[in-house]
1. Relative contact order of the chain: what whole-number percent is it, with Cα pairs under 8 angstrom and at least 6 residues apart?
2. Run lengths n ≥ 4 of DSSP H only: what is the helix-derived mean residue ellipticity at 222 nm for the chain, with -39500 (n - 2.57) per run over all residues, to the nearest 500?
3. Can you give me the distance in nm between label points at Y270 and E101, each placed 7 Å from the Cα along the Cα-to-Cβ direction?
4. N202 to R137: FRET efficiency via 1/(1 + (r/R0)^6), r the Cβ-Cβ distance, R0 35 Å, to the nearest 0.05?
5. Under the Karplus relation 6.51 cos²θ - 1.76 cosθ + 1.60, θ = phi - 60°, what is the ordered set of whole-Hz ³J(HN,Hα) values for the range 170-185, x standing for Gly and Pro?
6. Please enumerate, by chain and number, the lysines with C-alpha under 21 Å from the C-alpha of K112, excluding those fewer than 8 residues away in the same chain.
7. Is there a quick way to get the dipole size of the range 1-159? I mean about its Cα centre, with the Cβ of Lys and Arg at +1 and of Asp and Glu at -1; what is the value in debye to the nearest 20?
8. State the Kirkwood hydrodynamic radius of the chain in Å, one decimal place, computed from all pairs of distinct Cα atoms.
Amino acid sequence: MTMSAHDEIRRLTAPDIRARKGGEPLVCLTSYHAHTARILDGYCDVILVGDSLGMVMHGLETTVPVTLDMMILQGLAVMRGSKRALVVVDLPFGSYEASREQAFASAARVMKETGCGAIKLEGGRRMAETIAFLVERGVPVMGHVGLTPQAINAIGSFRAQGRDEGDWAPIEADAHAVADAGAFAVVLEAIAEPLGRRITGNVAIPTIGIGASAACDGQILVLEDMLGLSPRVPKFVKRFGELGPSIERAVKSFAEEVRARSFPGVENVYPMRKKKV
Ligand code: KIV
């Protein structure tokens with residue numbers, strides 16, 4: 001029997017991630033490109049094609065203008081670059097909130113056209129019925145509660161949530177609603193640490209923290225933020241690299257060498273073939 005490339009490395013699935021509740025922490029990062037997906041694939045359980053691409057790749061102020069076509073294009077690139085991680089693609093603002101049917105049509109398009117293994121959508125109790133509808137129809141859903149950036153125009157700022165105990169109940173109810181609706185995991189974004197810890201202890205599905213708690217079942221960051229490429233980052237980001245200055249140094253050297261005509265050197269140009277005698 002011959003083995004196809006498909007058989008060699010089995011991609012993680014939503015049920016694999018769901019089964020990791022309370023186990024070894026889940027490692028998750030965002031990626032929008034084939035090259036970065038290839039690097040992440042060796043280390044990450046989940047690669048998220050986040051709608052943060054609108055801000056990170058396109059310089060938008062918010063994620064609101066991001067379209068389904070933008071998500072599909074970058075989702076495809078990430079699928080091409082990775083083999084093992086579960087690739088989750090965000091449904092962007094306006095592509096799923098109107099009805100469960102709209103959500104299914106968008107999710108089905110994303111899954112068919114990218115080959116990704118799951119989608120993510122924002123919202124807790126208000127999205128529970130939609131999540132259940134999708135899951136019943138074969139769409140694995142990752143939830144996203146706490147700070148939900150697509151709602152920026154309604155909430156007014158990217159402020160952390162649940163920093164007063166009196167504000168905990170709706171956030172907890174959102175996380176439970178997402179889990180009860182059948183989501184395989186839930187992102188907890190920018191919430192008070194004790195609340196992140198408490199939700200993780202109470203919900204049945206893995207929690208993926210971003211500005212939540214080290215107690216979460218996994219952690220996620222936006223790749224460009226943790227690499228030191230994004231000019232401004234929230235408090236919850238730790239810069240694990242300083243790629244910005246490193247890219248600038250390389251670009252500066254290139255500019256200097258081009259202006260001095262020292263690049264390309266002899267090793268970078270094609271000599272003529274030697275004539276046969
Ligand atoms: O869009 C995104 O990158 C996200 C992460 C911040 C979780 O949703």
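The values are calculated or read from the model by the stated rules, or taken from the named source; none is laboratory data. Bear in mind the structure is a predicted one, so any value in this text is a computation, not a measurement. FYI the Cβ positions are ideal-geometry reconstructions off the backbone, even for glycines, and counts take in every protein chain you see. Heads up: the accessible areas ignore ligands, DNA and RNA and are worked out on the full protein's heavy atoms, side chains in. Shrake-Rupley method; radii C 1.70, N 1.55, O 1.52, S 1.80 Å.
1. Numbers: 510 pairs, mean separation 44.1, N = 277.
Across the chain, relative contact order equals 16 percent.
2. Working: 12 runs with 107 residues, N = 277.
Calculated mean residue ellipticity at 222 nm is -11000 deg cm²/dmol.
3. 5.8 nm
4. Numbers: r = 28 Å, r/R0 = 0.79.
After rounding, the FRET efficiency stands at 0.80.
5. Result, rounded to whole Hz: x, 5, 4, 4, 4, 4, 5, 5, 5, 5, 5, 6, x, 4, 8, 6.
6. Counting by Cα, and skipping residues close in sequence, K112 has these lysines nearby: K83, K120.
7. Rounded to the nearest 20 debye, it is 260 debye.
8. Values: mean 1/r = 0.0498 Å⁻¹.
20.1 Å is the Kirkwood radius here.
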